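Okay, structure first, notes after.
The values are calculated or read from the model by the stated rules, or taken from the named source; none is laboratory data. In this text the structure is predicted, and so the values were computed from the model without any measurement. Ideal geometry is used to build each Cβ from the backbone, glycine not excepted, and the neighbour counts take in all protein chains shown.
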Amino acid sequence: MSVLSSNAYALLKSVFGYERFRPGQEEVIAAVLGGGPVLAVMPTGSGKSMCYQLPALLDGGLTVVVSPLIALMRDQVQQLSSLGVRAGSLNSSNTAQETDAVWAALREGDLRLLFVSPERLAMDGLHQALARAGVKRVAIDEAHCVSEWGHDFRPEYRQIRTAVEALGNVQVIAFTATADRNTRSDIAGRLFDRPPHIFVHSFDRPNLDLRFEPKDQPRRQIEAFLKSHREQSGIIYCASRDRTEKMAAWLTESGTEAVAYHAGMDAGQRARNQDRFLQEDGIVVAATIAFGMGINKPDVRFVVHADMPGSVEAYYQEIGRAGRDGLPAATLTLYGVEDMALRRRQIAEKSIKEERRRIENARFGRLAMLCEAASCRRQVLLSYFDEQAPPCGRCDICRGDVALYDGTVDAQKALSAVYRTGQRFGAAYLTDVLTGTESESVMRNGHGSVKTFGVGADKPRVVWGGIIRQLFAADALESASEEHGGFKLTEKGEAILLGKEAIQLRDIPVKAPKPPRSKAGKGQEAPEGLDEDEARLFAALRRKRLELAREEGVAAYVVFADRTLIELARERPMSLREMAGIYGIGTAKLERFGEAFLEILLAG
């Protein structure tokens, strides 16, 4: 039985073009309409924004949405405006004319949704204007930013509760995609004056293919991956600003349309690069983690981490930018022992309380476990969020791309090399010892005569490097020195060395694994399941979409999402009335764009 009125379903179709709600949306929307405080933890791509947009249309009044990034505000205002919804934002990127128009709409009571930053919400002048405009509720997006235990703490979020209290008796609702139990408790205590109704939906994103690879010539690995994703939009995350610039330049030279994005770029160039990614098809952006939060491009087909992410939460949030339209999307994460050592040094050097340091080290350990997992990636990932799941059958381990074996003997050889050389050398040196390589430094230190010298000559260097990395990830090794690096044994490492504990290791292939097969086919931009004629029509519809988006000055998906174009190509409606039944086509979009696309369909 439905928990919402028939009017809710009518607006869902006429405004947004959807026949039904996504899983979990109805219950949250009903709670929001009930008027009490609400905290909803919903995965990226599950439609969190609908949970405050639809109530704003159903019960009138003004909903203020607190958002951390200008890009997110601009994106949502564009999309809502294209649907015929009165929405605006107040931020530093507005022109004077835009700001004047928003203030005028506030005075006249025309706005249904107003997007602001936490800092702007705290301004006294805005309080008075919002009170006069009859603000009904405040929706807080990316609510994990209020918690120091969250992965993206922002001090300005601590001002929100005081600012909301100054507005009087308004409803407070909050949303986030990533919050474990401790973070949820912290959010509830800091944003609400009484316990909220908490919804925690499944964190599973079954349309995402999860793949991890140890670093072995990263550019070659990325190149192999991209061959399966030609002419598709994607994000490649890099650990530094310099790496994003070099990655974008290399991709461009290799024939891929690519741009860079990081906080240190000229603001104008950064905005132009972001707009290209949002508005055009098939653009790859090489970016730091400054890029992504608030980016609502639904047709991102892949996310690559060229460097190890910062935490499981950050990984989940970043891969969540792929496949928001529900269609298949791919992920690839590259990681190395240098990444792991760097993350641990960063935690050690932070000026934080020891309890916080302990929690961050534990979180890093869970990320390392995910990278070096010996069981289903999705199971390991979901277990972090206290969710149980059967093996997914689709990640690299479930597909059998990663072989496992009893690595206890190999681990003992590597750990012995660490112990017998004084517990102070790094992976390259230890690999020399294990393979019996008479390097200058090994011979100078007299380690050519230790019992472990050459004990691993039957395996190539790349294998021993991988074994050392896995032992580090499994907490059998730790950094010997924050300043000079190197490894020393942990209690677990000693237990393995002495035969008191066994360990499973991932088999390290000597040759690079074959790139995953593209379901869309090499070099094709058509989605899976379209025949040749449908694929040709889809490409024509995509070209028309880009043309209209450029004319309107908006992102391509603001016109129509890929999913809408796919359904148009398959169903081939022959009239505007038939088009009205297609996913994502509401009244406003049908009136605005219907004729242009119908012309393509009739000619097709």
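Numerical summary
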quantity: Search result, residues across region 551-563 that are in contact (Cβ under 8 Å) with a residue 60 or more places away in the chain and buried (at least 19 other Cβ atoms within 10 Å of the Cβ); calculated: Val554, Ala555, Ala556, Tyr557, Val558, Val559, Ala561, Asp562
quantity: Test result for Ala322, assigned to a loop (DSSP other than H, G, I, E, B), within 23 Å of the chain's Cα centre (by Cα) and at pLDDT below 80; calculated: no
quantity: Pairs, first outside the structural domain of Lys544 (by TED's automatic domain parsing) in region 280-292, second modelled with pLDDT under 90 and of a type in the set (Ser, Thr, Tyr), C-beta under 8 Å, six or more apart; calculated: Thr288/Ser240
quantity: Among the candidates Asp406, Asp386, residue that is surrounded by fewer than 20 Cβ atoms within 10 Å (Cβ to Cβ), over 24 Å from Ile496 (Cβ atoms) and not aliphatic (A, V, I, L, M); calculated: Asp386
quantity: In region 433-469, residue surrounded by the most Cβ atoms within 10 Å (Cβ to Cβ) [restricted to those that are among the polar types (S, T, N, Q) and part of a loop (DSSP other than H, G, I, E, B)]; calculated: Thr452
quantity: Out of Asp396, Asp401, sole residue that is of a type in the set (D, E, K, R) and crowded, with 18+ Cβ neighbours inside 10 Å; calculated: Asp396
quantity: Extreme residue, farthest from Tyr261 (Cα to Cα), among residues of region 204-244 that are under 14 Å from the mean Cα position of the chain (by Cα) and of a type in the set (D, E, K, R); calculated: Asp204
quantity: Residue match in region 342-356 (condition: in a helix (DSSP H, G or I) and touching a helix residue (DSSP H, G or I) at 6+ places or on another chain (Cβ under 6 Å)); calculated: yes
quantity: All positions within region 323-359 that are charged (D, E, K, R), surrounded by fewer than 19 Cβ atoms within 10 Å (Cβ to Cβ), more than 26 Å from Ala427 (Cα to Cα) and in contact (Cβ under 8 Å) with a residue 60 or more places away in the chain; calculated: Arg356
quantity: Check on Gln379, over 30 Å from Gly584 (Cβ atoms) and either part of a strand (DSSP E or B) or not basic (Lys, Arg) (or both); calculated: yes
quantity: Filter result for the condition that a residue is in contact with a Pro (Cβ under 6 Å, 6 or more places away or on another chain) and over 17 Å from Ala177 (Cβ atoms), over Pro55, Pro37; calculated: Pro37
quantity: Contacts under 9 angstrom Cβ, first residue in region 399-413 being in contact (Cβ under 8 Å) with a residue 40 or more places away in the chain, partner exposed (fewer than 11 other Cβ atoms within 10 Å of the Cβ), 6 or more apart; calculated: Asp401/Lys514; Thr408/Gly499; Gln412/Leu498; Gln412/Gly499
quantity: Test: residue in region 245-264 that is buried (at least 20 other Cβ atoms within 10 Å of the Cβ), at pLDDT below 95 and within 28 Å of Thr183 (Cβ to Cβ); calculated: yes
quantity: Number of the exception - Ala362 against (1) small (Gly, Ala, Ser); (2) in a helix (DSSP H, G or I); (3) closer than 23 Å to Glu213 by Cα; (4) touching a residue at least 40 places away in the same chain (Cβ under 8 Å); calculated: (4)
quantity: Condition broken by Val303, with the remaining ones in (1) touching a helix residue (DSSP H, G or I) at 6+ places or on another chain (Cβ under 7 Å); (2) at negative phi; (3) modelled with pLDDT under 90 satisfied; calculated: (3)
quantity: Filter result (more than 13 Å from Gln423 (Cα to Cα), in a helix (DSSP H, G or I) and either hydroxyl-bearing (Ser, Thr, Tyr) or touching a residue at least 60 places away in the same chain (Cβ under 8 Å) (or both)) within region 488-509; calculated: Ile496, Leu497
quantity: The lone exception for Thr95 - which of (1) surrounded by fewer than 19 Cβ atoms within 10 Å (Cβ to Cβ); (2) of a type in the set (Val, Ile, Thr); (3) touching a residue at least 60 places away in the same chain (Cβ under 8 Å) it fails; calculated: (3)
quantity: Qualifying residue in region 474-483 (condition: outside the structural domain of Ala341 (by TED's automatic domain parsing), surrounded by fewer than 17 Cβ atoms within 10 Å (Cβ to Cβ), at pLDDT 90 or above and at positive phi); calculated: no
quantity: Residues satisfying the stated conditions in region 327-376, i.e. within 19 Å of the chain's Cα centre (by Cα) and among the polar types (S, T, N, Q); calculated: Thr331, Thr333
quantity: Filter pass, Leu430 being more than 16 Å from Leu505 (Cα to Cα), in the same structural domain as Leu415 (by TED's automatic domain parsing), in a helix (DSSP H, G or I) and in contact (Cβ under 8 Å) with a residue 40 or more places away in the chain; calculated: yes
quantity: Single residue of region 331-359 satisfying the filter (hydroxyl-bearing (Ser, Thr, Tyr) and within 20 Å of Asp209 (Cβ to Cβ)) that is modelled with the lowest pLDDT; calculated: Tyr335
